[in-house]
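Asks: Just dropping this structure here.
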Amino acid sequence: MHEELVLLPIVGAIIGWFTNYLAIKLIFRPLNPIKIPLLGFEIQGLLPKRKEELARSIGITIETELLSLDDIIQKSVSPKIKEETVSAVKAALIKRVSDKILSFLPKSIQKMLISYIENLVDKEANIIFDDLRERLIKQAKNDIKIRTIIEEKIMNLELNKLENIIIVIAKKELKHIELLGALIGFIIGIGQAVFLLYIIAR
């Protein structure tokens, strides 16, 4: 009898592990609805069944909490990029003017005009750049919706690929859930064995 009681924790661990393993699998499978005869309802994995809702929720969360359009534009027009852009515009403008106009003028006048152009660009470029950035942000907010882009990307992913992505990201955590089920089942089995021993002892 005692040997049979020893099996209770082992059986409990197996049942606990399998229950959690099955629960994890049911997040992803079955991909397509399966009708249960006589019972009148369908079984489908949580992810396939709620893919559209999940995609919408992820899109909204990323756009509102993690990565706004303002963030992307601000990073795209950092001070370094701004400085490099102004410098490139200045160099291109001076080259164009020099090639088309200044080549016909005396060197002293050329230097004076080039100096004037450089000062003008340095003075006005930052204002123009900042104004352009604000216009870009305003226009982008009307035309670009991060949540829509993310939602479309997720909806276009095959379910198998989406499943693989989630498993790769959460592989360790999913394994811990399985082992936790085994541990809980083992502890419950020990409790059952102790309870039965107490009943027998009486």
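Asks: Looking only at residues that are among the small types (G, A, S) and exposed (fewer than 14 other Cβ atoms within 10 Å of the Cβ) in the stretch 1-42, which one is nearest to V194 (Cα to Cα)? Steps first, please.
Replies: The initial filter retains those residues of the stretch 1-42 that are among the small types (G, A, S), namely 12-13, 16, 23, 40.
This time we only want the ones that are exposed (fewer than 14 other Cβ atoms within 10 Å of the Cβ), so: 23, 40.
Details: A23: 29, G40: 42 Å.
Ranking the qualifying residues of the stretch 1-42, first place goes to A23.
Asks: Let me ask you something else. When you go through I127, I109, I167 one by one, which is the residue that is surrounded by 12 or more Cβ atoms within 10 Å (Cβ to Cβ) and among the aliphatic types (A, V, I, L, M)?
Replies: Values: I127 fails: surrounded by 12 or more Cβ atoms within 10 Å (Cβ to Cβ); I109 fails: surrounded by 12 or more Cβ atoms within 10 Å (Cβ to Cβ).
After applying the criteria, what remains is I167.
Asks: Name every residue in the stretch 126-180 that is under 30 Å from I10 (Cβ atoms) and among the hydrophobic types (A, V, I, L, M, F, W, C), in order of residue number. Walk me through how you get there before you give the answer.
Replies: Of all residues in the stretch 126-180, those under 30 Å from I10 (Cβ atoms) come to 167, 170-180.
The answer is I167, A170, L174, I177, L179, L180.
Asks: Residue check: is E163 within 30 Å of R56 (Cα to Cα), in a helix (DSSP H, G or I), at pLDDT 85 or above and under 40 Å from the mean Cα position of the chain (by Cα)?
Replies: Details: within 30 Å of R56 (Cα to Cα): yes; in a helix (DSSP H, G or I): yes; at pLDDT 85 or above: no; under 40 Å from the mean Cα position of the chain (by Cα): yes.
It is false that E163 is within 30 Å of R56 (Cα to Cα), in a helix (DSSP H, G or I), at pLDDT 85 or above and under 40 Å from the mean Cα position of the chain (by Cα).
Asks: Next question. Residue by residue through the stretch 79-95, note down the ones that are under 18 Å from I114 (Cα atoms), surrounded by 12 or more Cβ atoms within 10 Å (Cβ to Cβ) and either of a type in the set (D, E, K, R) or touching a residue at least 24 places away in the same chain (Cβ under 8 Å) (or both). Give the derivation first.
Replies: Step one: of the stretch 79-95, the residues under 18 Å from I114 (Cα atoms) are 86-95.
Still in the running and surrounded by 12 or more Cβ atoms within 10 Å (Cβ to Cβ): 86-87, 89-91, 93-94.
Scanning the stretch 79-95 gives V86, V89, K90, L93, I94.
Asks: In addition: Any residue that is in contact (Cβ under 8 Å) with a residue 40 or more places away in the chain and in a helix (DSSP H, G or I) - is there at least one of those in the stretch 127-134? If you could, list the steps in order and put the result at the bottom.
Replies: Here is the first cut: in the stretch 127-134, the ones in contact (Cβ under 8 Å) with a residue 40 or more places away in the chain are 129, 133.
Now narrow it down to the ones that are in a helix (DSSP H, G or I): 129, 133.
Checking the stretch 127-134: at least one residue is in contact (Cβ under 8 Å) with a residue 40 or more places away in the chain and in a helix (DSSP H, G or I).
Asks: Which residues, taken from the stretch 148-202, are within 15 Å of I24 (Cα to Cα) and acidic (D, E)?
Replies: E163, E173, E178
The values are calculated or read from the model by the stated rules, or taken from the named source; none is laboratory data. Bear in mind the structure is a predicted one, so any value in this text is a computation, not a measurement. Counting neighbours? That spans all protein chains shown, and the Cβs are built from the backbone with ideal geometry, glycine included.
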